[in-house]
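Q: For reference, the structure I am asking about is given below.
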Amino acid sequence: MNSAALQALRQAAGPDYFSQDAGDRLIYAGDGTCFRYPPEAVVRARGPEQISRVMAACGKYHVPVVPRGAGSGLTGGALPVAGGVLLDMAGLNRIKAIRKRDQVAVAEPGVVTGELQAAAEAQGLFYPPDPASAAFCTLGGNVAENAGGMRAVKYGVTRDYVLGLRAVLPDGRLLKTGGANIKSVVGYDLTRLLVGSEGTLAVIYEIILRLLPLPEDRATINAFYADLDKAARAVEGLLASGIRPVACEFMDGYCLKAVESYAKLGLPPAAAMILVDLDGPPEVVRRQSGQVETILQQAGGEPVRVAGDRAEAEGLWRARRAMGPAVYQHGPGKLNEDVAVPLGSLAEMVRRAHLVGEKRGLVIPVFGHAGDGNLHINVMHDPAYPEQVSQAHQAVSDLFAHCLSLGGTLSGEHGVGTTKLGFVGAEMDPVGLELMRGIKKVFDPAGILNPHKKLPPPEVLP
Amino acid sequence: MTQDGPGQNHCPALRQAAEAARACAQCGACMAVCPVYRVGRREDSVARGKLRLLRGLDEGSLKADRQLRQTLGRCLLCGRCTANCPNLTPAREGLQAGRAALAQISGVPFAKRLLLAEALPRPSRLNAAAAAGYWAGKALPDDSGLLHRLSGLEGVERLPPLAEHPFLSQAPAEVAGPLGAPRVAFFVGCVANYMRPDLARKAVALLARRFTVVIPQGQGCCGLPAIAAGLGGPARSLAKRHLALMGAARVDLIVTACGSCAHTLAKELPELLGQAEAASRWGLRVREISQVLAEEDSLLAGLSPRPDFDGAVAVHDPCHLKIGLGVSEEPRRVLRAAGLDLADMAGQDQCCGGGGLFSINEPRLSDAIFAPRAQAFLQSGAQALATSCSGCALQWRRGLPAHLPVVHPLELLDV
Ligand SMILES: Cc1cc2nc3c(=O)[nH]c(=O)nc-3n(C[C@H](O)[C@H](O)[C@H](O)COP(=O)(O)OP(=O)(O)OC[C@H]3O[C@@H](n4cnc5c(N)ncnc54)[C@H](O)[C@@H]3O)c2cc1C
Ligand code: SF4
Ligand code: SF4
């Protein structure tokens, strides 16, 4: 970036919102991945007009811009891989309104997901999307990644709650999509186009979200299985029963072992655990938890436990919540993939992941959201040994091939970012990809907004 | 892209900081709990960002300049990041070591050095400073940086005036308990000594119902301000002195009426003295007074409330006590045993923003962190705020209207 560009940017951002400081460049170089790419300058977002000026200046000097929420993304979406400006959205964190009559919330993108959940709850309302990072990730990041989470089986993902967006286009124009209407079919659905666009089409500065009534009651049930097929049958039986669980989580034997050695919860030795959450009116929840208990038992669950109260429920959830850190019991390094497969192929995908592990001489624990087919596959290795690192990367390729052959998708919720860029060409329809490139051109003809993300460059196409 | 690699350096504090930084998986979970991040939403105020800066320093891409010092100062050393890190990163410890590294590499500003390196380890100097009205907003000389800034803080006029005679200048060497009673030492701490001698007197009187209380002369500051400023040397010399003094007192427990002093003596001192076995054992014997009272039914049974106080009490948990030492039920048990009503206060275990030198270095952030605490207190309907830490008490005193009492739980008891 030359000095004229820097000068223009400083002025566009406002001196108090602009930094070229070495320390700022270092701390905004990373996100939830292990990579670091220092930006050339950092701008703290202040509002639409300022963002618009910054975008215009970047366009004029051809400087890349990368929006960043909380930097918790797991695929490098917020990494400034081409340098340029890092646009920090975390400071725009006002919940502008919770409109009880309309059942919507209007929020700035820096609002932390958990803060919105709490604010909605205080008014008897419910914002269902619940990524495991909800206590620190932002709504802007959730919208840009179309984040999923634990409650997707019953309540869907972020996409299902975004009614409207306010955004700044790469040339500085302000864009409004949608509104507070639950239904609207006027024009193309630009709102949904921006959801999951990973900050490559527009910078979102305001979000209108749909809220639901808060469920009255909840229940939690877990079950352990001596083999994978039984666990898979339990999930199938549950989903076919007509009951819609809020969550239906799965952990394999490697995971259970890791959690036990990390958190010492007294889990029985098993090849799989299934964890089910239900919600609704108390009488319905009571009846359904009895039914779920029977289904889990009939599939061979031993033991099956129904939590008596919230504290006990938290106890059952503890094993699942400890999974993130516990997985390192199997090795100091991990490549974390979040493939999704059709529900019928769940057990097969887990089995194949384990086989890939055997073939590559690595442990590959699998856990995830069994109710929606989204699996977190963790390729554990020791980065100190180059051979292991290379085996781990090859294992990921193997896994992706298996996933696609089962009709799956390479990412259920974490996005493409930069880390999956080399693989997604294999999944995408070539015609679709051509259209997507065209869409990117329409929004961002100069290619300055979060470049080299989401869409594979032509040279890695199959 | 940069790949992670260990830095080349020979400063042990920096090595410790860099190790913590490398253990950080950059997941960002500490953002959910860091009080400084919550109010500013800047990556440079959360553990993840600060650890990354320390890694930069270790790897040579950053200089130990004023800005880095300032950024690392934006931390309350509250310990929430460490306590909540899913990856077990010793984040707070790394940040504290980072301060020590910075102080060693670059030296701290003179004014701070004056007070922290010179006065605090030598009680006579602090006595002199107190006598000269140095402290708490009485006519301060221009060149006294820390004192000057303390006086410049909003709300300082609400702090208790300096006591005419520090507690230790008039304290007996020993107060005999019942026949054959176990011996405990009382560690006074700066605030009780210079500002709240009545609290110290009450603590000793209560302890003497069950113990023989030794009050070693020559004790001084617990060392927290020095540690917070990264001054390992002065902190170590204090630690050595106290280890020797308490050793000579031949006691079973070392009791203090301040959560921060208790935490420093129990946790930091063994660390400073290189985990020497004597020091570790010593650390195990440190108690905040509410722990001692809550553990002794005979003491609890004899408690009654101060006759001139009427109403409910809200209790604020000091970070050093709750997160650092796992103590939060005990002060409440003491108050309940005396027959006092406890008010429910939202966020009672949330940081008040007073930790270490934070309120002096970062008054605006500190006030922003405190604001929701004050609001929660006013909404709780309580008539008094009780907290077992001198640092928290000063912060609450500065922040609450003067007619609302801010006390240590003991100060609500009739002794
Ligand atoms: C421990 C842990 C658990 C996780 N669990 C889940 C989970 O259960 N489900 C799940 O889906 N994800 C999960 N994630 C991943 C991550 O939290 C989500 O992807 C989240 O949505 C990212 O939000 P963020 O605010 O951190 O965004 P960032 O990481 O800062 O950015 C993510 C992307 O969004 C873009 N972006 C951010 N703000 C804006 C904006 N205002 N306008 C335009 N683009 C923007 C960025 O450019 C980037 O491409 C987890 C991560 C961690 C560390
Ligand atoms: S929670 Fe722990 S691992 Fe995660 S960013 Fe903070 S210090 Fe690092
Ligand atoms: S010790 Fe407290 S203030 Fe400091 S970084 Fe950790 S959580 Fe934040």
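The values are calculated or read from the model by the stated rules, or taken from the named source; none is laboratory data. Because the structure is a prediction, the values reported are computed rather than measured. Note: ideal-geometry Cβ built from the backbone for every residue, glycine included; neighbour counts use all protein chains shown. Quick note on the areas: whole protein, heavy atoms, side chains included, nothing else; ligands and nucleic acids left out. Shrake-Rupley method; radii C 1.70, N 1.55, O 1.52, S 1.80 Å.
Q: With a ≥ b ≥ c the root eigenvalues of the C-alpha gyration tensor of the range A:262-305, is it rounded (a/c under 1.5), prolate (a/b larger than b/c) or oblate?
A: oblate
Q: Assigning unit charges at the beta carbon (Lys, Arg +1; Asp, Glu -1) and nothing else, what dipole magnitude in debye, to the nearest 20, does chain A show about its Cα centre? Don't skip to the end; give the middle numbers.
A: Values: 46 positive and 48 negative charges, 208 e Å.
My answer is approximately 1000 debye.
Q: Angle between the Cα long axis of helix A:3-13 and the longest principal axis of chain A, 0 to 90 degrees, nearest 10?
A: 70
Q: Treating only the Cβ of Lys, Arg, Asp and Glu as charged (+1, +1, -1, -1), what charge dipole size does the protein assembly as shown show about its Cα centre? Round to the nearest 20 debye.
A: Result for the protein assembly as shown is approximately 1680 debye, rounded to the nearest 20.
Q: A further question follows. Return the subset of A:LYS359/A:LYS454; A:LYS154/A:LYS230; A:LYS230/A:LYS454 for which the Cα-Cα distance in this structure is over 32 Å, preserving the input order.
A: Pairs exceeding 32 Å: A:LYS230/A:LYS454.
Q: What does the net charge come to around B:ALA338 if you take all other residues with beta carbon closer than 12 Å to its beta carbon, with K and R at +1 and D and E at -1?
A: Result for the local shell: +1.
Q: Rounded to the nearest 0.05, what FRET efficiency do B:LEU179 and A:ASP227 give with R0 = 60 Å and r taken as the Cβ-Cβ distance? Could you check? Walk me through the intermediate numbers first.
A: Numbers: r = 69 Å, r/R0 = 1.16.
For R0 = 60 Å, the calculated efficiency reads 0.30.
Q: When the distances between all Cα atoms of the range A:144-214 are binned every 5 Å from zero, what whole-number percent does each bin get?
A: 4, 16, 26, 25, 18, 8, 3, 1, 0
Q: Reachable lysines from A:LYS60, Cα under 23 Å, same-chain residues fewer than 8 places away excluded?
A: List returned: A:LYS440, A:LYS441, A:LYS453.
Q: Also, quick follow-up: Using alpha-carbon positions, what is the distance between the centroids of the range B:179-220 and the range A:91-153, in Å?
A: Going from one Cα centre to the other spans 51 Å.
Q: Relative to the present Cα-Cα distance, how much length would full extension add between A:GLN297 and A:ARG99 at 0.36 nm per residue of separation?
A: Stretched fully, the A:GLN297-A:ARG99 segment lengthens by 66.9 nm.
Q: Need one number for the range A:217-324: average projected area of the convex hull over its C-alpha atoms, nm².
A: Projected over every direction and averaged, the Cα hull of the range A:217-324 covers 6.0 nm².
Q: Out of all Cα-Cα pairs in the range B:157-305, roughly what percent, to the nearest whole number, are more than 25 Å apart? Write out the running numbers ahead of the final one.
A: On the way: 2964 of 11026 pairs.
Every Cα pair in the range B:157-305 considered, those over 25 Å come to 27 percent.
Q: Just how far, in whole angstrom, is the range A:268-283 from the range B:294-357 if you go by their alpha carbon centroids?
A: Centre-to-centre distance over Cα atoms comes out at 39 Å.
Q: To two decimal places, what compactness ratio does the range A:95-213 give when its Cα radius of gyration is scaled by 2.2 N^0.38 Å?
A: 0.98
Q: Between the alpha-carbon centers of the range A:314-345 and the range B:55-105, tell me the distance in whole angstrom.
A: If you average the Cα positions of each part, the centres end up 30 Å apart.
Q: What relative contact order, as a whole-number percentage, does the range A:35-84 give when Cα pairs under 8 Å and 6 or more residues apart are counted?
A: Numbers: 36 pairs, mean separation 28.1, N = 50.
After rounding, I find 56 percent.
Q: Next up: Taking 35 Å as R0, compute the FRET efficiency from the Cβ-Cβ separation of A:ILE182 and B:ASP344 and round it to 0.05.
A: On the way: r = 38 Å, r/R0 = 1.09.
So, using R0 = 35 Å, E works out to roughly 0.40.
Q: From the C-alpha coordinates alone, can you work out the Kirkwood hydrodynamic radius of the range B:247-389, in Å?
A: Details: mean 1/r = 0.0603 Å⁻¹.
Result for the range B:247-389, one decimal place: 16.6 Å.
Q: With no solvent and one point on each alpha carbon, what is the Debye value of log10 I(q)/I(0) for the range B:12-106 at q = 0.10 Å⁻¹?
A: -0.20
Q: So for the range A:336-441, considering every pair of alpha-carbon atoms, how many percent are separated by more than 24 Å?
A: When all Cα pairs of the range A:336-441 are counted, 25 percent exceed 24 Å.
Q: Another one. Modelling each spin label as a point 7 Å along the Cα-to-Cβ direction, I'd like the B:GLN70/B:ASP308 distance in nm, to one decimal.
A: 4.5
Q: How far, in nm, would the chain grow between A:ARG159 and A:TYR385 when pulled straight, counting 0.36 nm per residue and subtracting the alpha carbon separation?
A: So the chain would gain 77.3 nm between A:ARG159 and A:TYR385.
Q: Now a separate question. Taking the Cα centre of the range A:295-413 as origin and charging only Cβ (+1 Lys, Arg; -1 Asp, Glu), how large is the dipole, in debye to the nearest 20? Write out the running numbers ahead of the final one.
A: Values: 10 positive and 13 negative charges, 24 e Å.
It comes to approximately 120 debye.
Q: Quick one: 3J(HN,Hα) in Hz for the range A:318-333, Karplus 6.51/-1.76/1.60 with θ = phi - 60°, rounded, Gly and Pro as x.
A: Whole-Hz 3J(HN,Hα) from phi for the range A:318-333: 4, 4, 5, 5, 7, 4, x, x, 5, 4, 5, 4, 9, x, x, x.
Q: Kindly write out, for the range A:63-79 in residue order, the coupling ³J(HN,Hα) from the Karplus curve 6.51 cos²θ - 1.76 cosθ + 1.60 (θ = phi - 60°), rounded to whole Hz, with x marking Gly and Pro.
A: Computed from phi, the couplings for the range A:63-79 are 9, x, 10, 10, x, 9, x, 8, x, 9, x, 9, 10, x, x, 9, 7 Hz.
Q: Under a 1.4 Å probe, what is the accessible area of the range A:3-88 per residue, stated in Å²?
A: Spelled out: the 1.4 Å probe surface of the range A:3-88, per residue, equals 33 Å².
Q: How big is the range A:64-158 by the Kirkwood estimate over distinct Cα pairs, in Å?
A: Taking the inverse mean of 1/r over all distinct Cα pairs, the range A:64-158 comes out at 13.9 Å.
Q: Also: What figure, in Å² to the nearest 10, do you get for the accessible area of B:ARG42 with a 1.4 Å probe and non-protein molecules left out?
A: 90
Q: Let me ask something additional. Calculate, in nm to one decimal, what A:GLN20 and A:ARG218 gain on full extension: separation in residues at 0.36 nm each, minus their alpha carbon distance.
A: Separation in residues times 0.36 nm, less the Cα-Cα distance, equals 66.3 nm.
Q: Same structure, new question: Which of the lysines could be linked to A:LYS96 by a straight reach, that is with a Cα gap under 24 Å, when you skip same-chain ones fewer than 8 residues away?
A: Result set, ordered by chain and number: A:LYS176, A:LYS183.
Q: As I understand it, the dipole of chain A uses +1 on the Cβ of Lys and Arg and -1 on the Cβ of Asp and Glu, about the Cα centre. Which of A:ALA56, A:GLY425, A:ILE274 lies farthest toward its positive end?
A: Of the candidates, A:ALA56 comes out farthest on the positive side.
Q: Please state the shape class of the range B:255-295: rounded when a/c is under 1.5, otherwise prolate if a/b exceeds b/c and oblate if not, all from the C-alpha gyration tensor. Before the final figure, lay out the partial values.
A: Values: a/c = 4.17, a/b = 1.94, b/c = 2.15.
The shape class here is oblate.
Q: Determine the total buried accessible area between chain B and chain A, counting protein heavy atoms only with a 1.4 Å probe; round to the nearest 100 Å².
A: Approximately 2400 Å², summed over both chains.
Q: Still on this model: Under 16 Å Cα-Cα from B:LYS322, which aspartates and glutamates qualify once same-chain neighbours fewer than 8 residues away are excluded?
A: Answer for B:LYS322, where 16 Å is the Cα cut-off: B:GLU268, B:GLU288, B:GLU330, B:ASP349, listed by chain and number.
Q: Can I get the semi-axes of chain A's equivalent ellipsoid? Compute them from the C-alpha gyration tensor as square roots of 5 times the eigenvalues, in angstrom, largest first.
A: Semi-axis lengths for chain A are 38, 27, 19 Å.
Q: Hey, what D do you get for the protein assembly as shown in µm²/s if you plug the Kirkwood alpha-carbon radius into Stokes-Einstein at 10 °C and 1.306 mPa s?
A: 54
Q: Okay, next question. Can you give the helix-only mean residue ellipticity at 222 nm for the protein assembly as shown, where every DSSP H stretch with n ≥ 4 adds -39500 (n - 2.57) and the sum goes over all residues, rounded to the nearest 500 deg cm²/dmol? Mind showing how you got there, number by number?
A: Numbers: 40 runs with 368 residues, N = 877.
Result for the protein assembly as shown, helices only: -12000 deg cm²/dmol.
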